[in-house]
Amino acid sequence: MIKDSAIETLRIEADSVLKLIDHVDEEFVQAVQCILECKARVIVTGMGKSGHVGRKIAASLASTGTPAFFMHPAEAFHGDLGMVTADDVVIAISNSGESTEVVNILPVVKRIGAKIIAMSGRRESALGRNADFFIDVSVEKEACPLGLAPTASTTATLAMGDAITVALLEARNFTRQDFALFHPGGSLGRRLLLTVENVMHSGEDNPIIHYSATAKEALFMMTDKGLGATSVVDDDGNFIGLVTDGDIRRCLAKGSQFLDEPVEELMTKTPHTITQEKLAASALSIMEKHKPRPITVLPVVSADNKPVGIVHLTDLLRQGVV
């Protein structure tokens, strides 16, 4: 019984969402175009369960490039309508189209001059008749067996809100970088906004050694800085190679006489490098895709080929880039 009830609920709600495809008509396009042309904000309003859905729609719009906020219709009738301007667009949500609190604010919104987009199940309702654009979110029936609790209708409204959001996102050419700007605290923001300069070891923490220095000196340098590698430079301070602790270990397997030889003899002369303005995610990609095995350090060079830092895999892990 419980399983059957759950499955039937999901089936009804899924069918309700699928049938919305037929409701995406020319008026839907005009409504989205109206939002695109809006010079101010999108104000979403709704009462009860429609209000909860409206809050989510407003949040989705705001996070994808469309300035938006939710306005409670009851509070609006007692002063919050002062937040509405003639340049705004109001999305009013009511399945019946007759919610008293929503209908009561329509004349004032009209007088202010803001455009009204109705999301409702009844075009002939008070909301539908007074809106500039009508988006049909009607459903054949609720998943609630009593036909009372908003279920399929709220799911359909939420889905249509997502359809509006994504249509706007694509019309604005909203990018992953734009998204990250509005989500700097999340892992996506860290991956997309952090640059190599933000995570690299530079200045006194950047190990650099001259090509004539011995392998022993390079080993001491790597031990002191704790990064497992050191950049190698020529007489002019140009980057010409990299020595890693792996290079030292491989040489030790053949004996210790190399420790007094210049690092020029054992350094990697054409290692992968990156510049400091590149995204930290790009550094991670280079390190992960290195063949025959991934690398843990990546030298950072300037435009004139000077070693300005080193990125270590642990730095990327610590910053949440991985």
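The values are calculated or read from the model by the stated rules, or taken from the named source; none is laboratory data. Just so you know, these numbers come straight off a predicted model, no measurement behind them. Using ideal geometry, Cβ is built from the backbone for each residue, glycine included, and neighbour counts are taken over all protein chains shown. Heavy atoms of the whole protein, side chains included, go into the accessibility calculation; ligands, DNA and RNA do not. Shrake-Rupley method; radii C 1.70, N 1.55, O 1.52, S 1.80 Å.
Estimated translational diffusion coefficient (Stokes-Einstein, Kirkwood radius over Cα pairs, 10 °C, 1.306 mPa s) of the stretch 1-123: 102 µm² per second.
Considering only the other residues whose Cβ falls under 14 Å of the Cβ of Ile12, what net charge follows from Lys and Arg at +1 and Asp and Glu at -1?
Working: positive: Arg11, Lys19, Lys141; negative: Asp4, Glu8, Glu13, Asp15, Glu140, Glu142.
Value of the local net charge: -3.
Using a Gaussian network model on the chain with a 10 Å cutoff between Cα atoms, which of Ser282, Ser256, Ser202 fluctuates the most? In the Gaussian network model the winner is Ser256.
Measure up Lys56/Lys289; Lys3/Lys141; Lys49/Lys115; Lys225/Lys291; Lys216/Lys291 against 32 Å on the Cα-Cα distance and list the ones that go over. Each step should come with its number before you reach the end.
Values: Lys56/Lys289 39 Å; Lys3/Lys141 20 Å; Lys49/Lys115 23 Å; Lys225/Lys291 26 Å; Lys216/Lys291 27 Å.
Going by Cα-Cα distance, Lys56/Lys289 fall outside the 32 Å limit.
Overall, the ratio between the Cα radius of gyration of the stretch 193-322 and 2.2 N^0.38 Å, rounded to two decimals, is 1.01.
Of the accessible area of the chain, with the probe set at 1.4 angstrom, what percent is carbon plus sulfur?
For the chain, the apolar C and S fraction of the accessible surface comes to 54 percent.
Here is the list for the stretch 226-322: GluC sites (Glu not before Pro) lying in DSSP coil, each with at most 15 other C-beta atoms within 10 angstrom of its C-beta, are Glu277. Summing charges over neighbours of Lys110, with a neighbour being any other residue whose Cβ is under 14 Å away from its Cβ, gives +1 when K and R count +1 and D and E count -1. Rounded to two decimals, the Cα-based Rg/Rh of the stretch 25-93, with Kirkwood Rh, is 0.97. Considering helices alone, the calculated mean residue ellipticity of the chain at 222 nm is -12500 deg cm²/dmol, with DSSP H runs of length four and up weighted by -39500 (n - 2.57) and normalised per residue. The stretch 278-322 and the stretch 70-116 have Cα centres separated by 52 Å.
Placing +1 on the Cβ of each Lys and Arg and -1 on the Cβ of each Asp and Glu in the chain, which of Leu259, Ala213, Val199 has its Cα farthest towards the positive end of the resulting dipole? Final value for the positive-end residue is Val199. Measuring how big the stretch 233-291 is from its alpha-carbon positions, Rg and Dmax come out at 14.3, 41 Å. In the chain, Cα pairs under 8 Å separated by at least six residues give a relative contact order of 14 percent.
Per residue, the chain exposes 52 Å² of solvent-accessible protein surface, assessed with a 1.4 angstrom probe and all protein chains in place.
Once you reduce the stretch 254-270 and the stretch 210-233 to the center of their Cα atoms, the two points are 11 Å from each other. For the options Gly51, Gly309, Gly147, a Gaussian network treatment of the chain with springs between C-alpha atoms closer than 10 Å singles out Gly147 as fluctuating the most.
Rounded to the nearest 20, the Cβ-based charge dipole of the stretch 26-113 about its Cα centre (Lys and Arg +1, Asp and Glu -1) stands at 180 debye.
Please report the projected area of the chain's Cα convex hull averaged over all directions, in nm². Could you put the intermediate results ahead of the total?
Numbers: hull surface 98.9 nm².
Reported value for the Cα convex hull: 24.7 nm².
Here the stretch 98-241 is treated as a sphere whose radius is the Kirkwood value from Cα pairs; by Stokes-Einstein at 20 °C and 1.002 mPa s it diffuses with a coefficient of 99 µm²/s. Annotation: the antiparallel percentage among DSSP beta bridges lying fully within the chain is about 40.
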